[in-house]
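Structure record follows, encoded as structure tokens.
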């Protein structure tokens, strides 16, 4: 537990260093949004009387917005791309990194978590994350997707532009499914399958859903017409959105959230038998490379899809995702080359994931040159945590979930606050009252980003500690020593990945 507290102190120091406040008038035009059901069209009265000459002619009601087929198609494609990230992308990436005797266990865990989270999302997750309630979590008005039909629509980031709400439900489902799946890499090769599933239900409910609500829930741009209506939107919005925190596609909600949970799990489950004494090399870097490539491709849906519209901002997010990841791959490989004498495939794949993580919160807010700088800087930082800090503190994060996702997510979230600045090529922060980009305030924006980072760390750590403890008391966290030595493929699932 002392090691765990030391790590929290270290991570908090990364994320909390600013004290100025921020103003929610600077709400961004492109950060994941809550759905807003548009008003039904008002039928015209064919028999309306003719107005008297002295009376003003009645103003015709504006027609309700209708989803654009191009936006809808892009969001459907993005949803499929994010699914590709998880199954097979993440499954193969993690599977290749473990020992052969645990390959199928990782595939099974990923596959089952994705399936379980999807069902929970439809039953209550979507409603808790994306309906009004209070600043920290929504209600159950849309539990079991009640009231959502093919005709229901949700807001985007442009006034008068909507998409089908079912598309938004499905897109966000994939986010809710991949985030818990990321955690399993930290305690791979030694945790009971039943315990993993029980933990994921608790963590999804009490860590993921509140973070998604706090960062991404608001009433949508059409609800903001003047300063008074903005105050109403702020009162209804998630706590961190109201503070002006920018997270385009999940730096806090997904990566810091999952990475901190992974660290807690690695410490509370304990080290693998033989850790530091026996060779535990990845059994197939070929599969890891294939998985990393699928993650990179799927991440275009993750990041560019978070714009919710098929327009220039989606293109910006796609370009930034491409070049930041390339820069991070190069940076990690050259760092390894310089320090170890040889660049490795594992290092290149790790660098790519670090770049994808860091650009996630920033991809729709920063310019391409800012994206390259973020990619170049994140890899040496993550490499230091993976190669040095982990061993100095002695925790067994098997697949470096904390070192890549939490650390990369913290850096990316803070870098977003810096490079959103138009003076540095960023897109600025949008003011929906003035319908224009507002004035950039460095201190205010960095304070908002630090609030988001700190909240993600505290929420995930607290929920994870409690959830792991409860599961340990009821089920037990670890497999037996015999099962661990045999391998989880046969001990937990009665199968083997290879028979040759």
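Every number in this text was worked out from the coordinates using simple rules, so none of it is lab data. Since we're looking at a predicted model, the values are computed, not measured. Using ideal geometry, Cβ is built from the backbone for each residue, glycine included, and neighbour counts are taken over all protein chains shown.
Summary table below
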{"quantity": "Relative contact order [Cα under 8 Å, 6+ residues apart], the range 277-408, whole percent", "calculated": "26"}
{"quantity": "Förster-model FRET efficiency, 60 Å R0, residue 193 and residue 226, C-beta, rounded to 0.05", "calculated": "0.65"}
{"quantity": "Fewest-first ranking of 233, 82, using other Cβ atoms within 10 Å as the exposure measure", "calculated": "233, 82"}
{"quantity": "Ascending count of other beta-carbon atoms within 10 Å, so fewest first, for 103, 369, 473", "calculated": "473, 369, 103"}
{"quantity": "Theoretical gain in end-to-end length, residue 112 to residue 490 [0.36 nm per residue, Cα-Cα removed]", "calculated": "134.4 nm"}
{"quantity": "222 nm mean residue ellipticity, helices alone, for the chain (DSSP H n ≥ 4; -39,500 (n - 2.57); rounded to 500)", "calculated": "-17000 deg cm²/dmol"}
{"quantity": "Helix axis angle, 368-384 relative to the chain longest principal axis, alpha carbon, degrees", "calculated": "30"}
{"quantity": "Computed FRET value (nearest 0.05) for residue 466 with residue 345, which takes r as the C-beta separation and R₀ as 45 Å", "calculated": "0.70"}
{"quantity": "Gap separating the Cα centres of the range 403-443 and the range 56-131, nearest whole Å", "calculated": "25"}
{"quantity": "Two-site label geometry, residue 202 and residue 286: point separation in nm, points 7 Å out along Cα→Cβ", "calculated": "4.1"}
{"quantity": "Cα-based helix-to-principal-axis angle, 103-120 vs the chain, degrees rounded to 10", "calculated": "20"}
{"quantity": "Three-way shape call for the range 395-474 based on the alpha-carbon gyration tensor, with the a/c threshold at 1.5", "calculated": "prolate"}
{"quantity": "Spatial separation of Cα centroids for the range 245-299 and the range 345-375, in angstrom", "calculated": "16"}
{"quantity": "Mean separation of Cα contacts under 8 Å (6+ apart) over length of the range 148-237, as relative contact order %", "calculated": "27"}
{"quantity": "Ranked 383, 275, 430, criterion: other C-beta atoms within 10 Å, fewest first", "calculated": "275, 430, 383"}
{"quantity": "R0 of 45 Å, Cβ-Cβ distance residue 275-residue 136: FRET efficiency to nearest 0.05", "calculated": "0.75"}
{"quantity": "C-alpha long axis of helix 407-419 to longest principal axis of the chain, angle in °", "calculated": "30"}
{"quantity": "Extension gain, residue 73 back to residue 481 (0.36 nm per residue minus Cα-Cα distance, nm)", "calculated": "141.9 nm"}
{"quantity": "Amide N proximity, the range 154-183 versus residue 143 label position 7 Å along Cα-to-Cβ, cut-off under 20 Å", "calculated": "169, 173"}
{"quantity": "Euclidean distance between Cα centres, the range 312-339 to the range 466-487, Å", "calculated": "38"}
